[in-house]
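The values are calculated or read from the model by the stated rules, or taken from the named source; none is laboratory data. Nothing here was measured: the structure is a model prediction, and the numbers come from that model. Because the Cβ atoms are built from the backbone with ideal geometry, glycine has one as well, and the counts that use them run over all protein chains shown. Keep in mind that these areas ignore ligands, DNA and RNA; they rest on the heavy atoms of the full protein, side chains included. Shrake-Rupley method; radii C 1.70, N 1.55, O 1.52, S 1.80 Å.
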Amino acid sequence: MEFSAEVMRQRLGKYKFRDLTIEELKDIHRAFPSFLYSIDTYTFKDGSQKDLLNLSGTVPMKFQGNSYNIPVCLWLLDSHPFAPPLCFLKPTQNMGIRVGKHIDSHGRIYLPYLQNWSHPKSTILGLIKEMAVTFEDELPLYSLSAAEAARQKELLSFISKVTDGVSNVDVTAKSGCKVTVIGGGDLALACLLAISAKRSADKLVLLDVSDGGSKGGGATDLELFPVPNVEVTTDVSSVADSKVIVITVNSWSNAQSYLEVLQSNVDLLRGFIPAVSYYCPNSVLVVASQPVEIMTYVAWKLSGLPHRQVIGIGCNLDSARFQQIVKTLASSSEESQSGWIIGEQGADKVAAWSDPESANNHKATKIYPKLFQEQLTNKAMEVMKGKGQRSWSIGLSVADLTDTIVQNKKKIHSVSSFAKGFFNIQNEVFLSVPCLLGDGGVLGNPQILQHEDRVSDALHKSAASISDLQQQLSL
């Protein structure tokens with residue numbers, strides 16, 4: 001295919017830096033003469049559209065001694081080359097997308113090269129070279145059978161309808177006593193074994209979405225030492241029919257800022273959450289990724305599920321510990337379960353007590369006098385300072401939540417749930433509050449607590465800081 005600079009100049013009439021773009025396109029044509037160029041309409045997440053230059057071609061690379069040509073599609077924004085292109089795989093009908101660290105379930109490509117894009121250092125040729133290197137470590141496509149190809153086409157069609165908000169796509173799924181844990185490290189293994197020991201599910205699936213370097217290597221160990229009724233897989237479609245899906249993936253690096261770490265976790269979740277919501281529109285997502293409040297919000301946004309079906313592990317573990325300590329200190333189990341740890345997991349958590357006069361207080365008990373409550377709270381919080389949250393303890397907590405949901409026990413847990421409207425919070429945030437849980441997730445409104453200024457102030461402070469961080473993330 002010949003490249004005509006004059007024709008391209010006419011096509012790029014609305015591009016701000018047309019001459020710079022054309023010079024770069026000449027370099028691309030010399031290196032990859034088979035690439036095709038066209039002006040097409042790109043639809044952004046918010047529904048807006050823009051006519052952009054589309055580059056389609058294949059990236060040559062080798063994987064395990066075999067040569068491959070990976071089909072890709074690059075959209076150049078009208079501010080190119082000062083803005084990075086939007087990059088996608090362009091699989092044929094008999095190719096499946098292998099979701100990974102750098103590829104999401106609808107084929108979008110995420111690379112450090114794109115995140116650090118800076119003209120004139122960054123170029124399309126440099127990007128293609130980076131793709132080839134990345135694909136050699138993580139082959140992005142695989143061959144599909146005829147049945148799998150039809151399912152792939154249907155999945156991609158569904159995902160295209162899911163936006164940043166709640167999806168109104170109506171799909172149904174079979175019910176079954178099946179639980180999936182997503183992750184590949186120590187926390188995933190701890191959750192899986194704890195749920196297995198509790199016998200809450202007939203079948204357990206470990207979906208390993210790691211890049212092979214997860215600390216702990218739980219998925220690999222399970223393949224070495226199999227557990228009955230546990231399937232280890234990398235196929236996201238295996239989550240189908242799960243009643244509960246536990247999300248444990250985390251991406252932590254000392255070389256990153258806190259916001260960069262958060263964005264890395266967002267990118268990981270983006271790789272599989274839309275597909276999970278497609279295969280399991282009626283399941284409950286239990287998020288254990290950190291920080292749990294923000295990652296629960298991200299899972300909710302990316303899934304398009306109703307917020308009642310998306311919860312975080314929140315302060316379930318801390319509440320159980322708090323109630324046990326209160327029971328020991330007061331030498332009574334009658335009222336210990338009226339106390340809760342709520343708010344933001346970590347140092348900003350706060351203790352609160354149920355309101356004995358509320359209509360949804362299921363226990364007709366006499367609440368401790370105010371002074372005694374304060375003394376119990378102070379002593380219990382002091383004891384809890386020495387208790388960390390290890391993988392095994394979080395696993396036991398997750399198994400507790402899973403059992404309540406799967407068995408529809410309608411039991412109250414302090415979990416990260418949609419907190420807007422609770423304690424007059426106006427932000428769209430997830431905070432830990434006592435909620436009645438069952439097979440649909442959160443049932444009804446949160447448990448009504450005694451109103452205290454210190455509790456209200458702590459919740460509002462957490463909501464504001466969490467909301468501020470959420471607004472800085474790219475979903």
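Data overview
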item	result
Index of the failed condition, E382 passing every other in (1) closer than 17 Å to G339 by Cβ; (2) in contact with a Leu (Cβ under 7 Å, 6 or more places away or on another chain)	(2)
Enumeration of residues in segment 433-475 that are under 18 Å from W340 (Cβ atoms), of a type in the set (S, T, Y) and either under 23 Å from the mean Cα position of the chain (by Cα) or at pLDDT 90 or above (or both)	S462
Candidate set from segment 450-468 (those that are open to solvent by 40 Å² or more (accessible area, probe 1.4 Å) and in contact with a helix residue (DSSP H, G or I) (Cβ under 9 Å, 6 or more places away or on another chain)); member that is nearest to I294 (Cα to Cα)	H460
Tabulated pairs, segment 439-468, first on the phi > 0 side of the Ramachandran plot, second open to solvent by 50 Å² or more (accessible area, probe 1.4 Å) and modelled with pLDDT of 85 or more, C-beta under 9 angstrom, 6+ apart or interchain	G441/P306; G441/H307; G441/R308
Among (1) closer than 17 Å to P434 by Cα; (2) under 33 Å from the mean Cα position of the chain (by Cα); (3) at pLDDT below 75 - the single one E357 does not satisfy	(2)
Scan of segment 388-428 for residues that are in a loop (DSSP other than H, G, I, E, B), within 21 Å of R321 (Cβ to Cβ) and not basic (K, R), ordered by number	G388, Q389
Qualifying residue in segment 409-416 (condition: within 22 Å of the chain's Cα centre (by Cα), closer than 20 Å to G346 by Cα, surrounded by 20 or more Cβ atoms within 10 Å (Cβ to Cβ) and among the hydroxyl-bearing types (S, T, Y))	yes
Residue count for segment 102-135, restricted to those that are in contact with a strand residue (DSSP E or B) (Cβ under 9 Å, 6 or more places away or on another chain), open to solvent by 60 Å² or more (accessible area, probe 1.4 Å) and outside any helix (DSSP H, G or I)	2
Checklist (1) farther than 17 Å from V179 by Cβ; (2) out of contact with any Ser or Thr (no Cβ under 6 Å at 6 or more places or on another chain); (3) open to solvent by less than 40 Å² (accessible area, probe 1.4 Å) applied to L443, failing item	(3)
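One line per residue, one yes/no per condition, for (1) within 18 Å of L305 (Cα to Cα); (2) of a type in the set (D, E):
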residue: N408; (1), (2): no, no
residue: S417; (1), (2): yes, no
residue: D453; (1), (2): no, yes
residue: A464; (1), (2): no, no
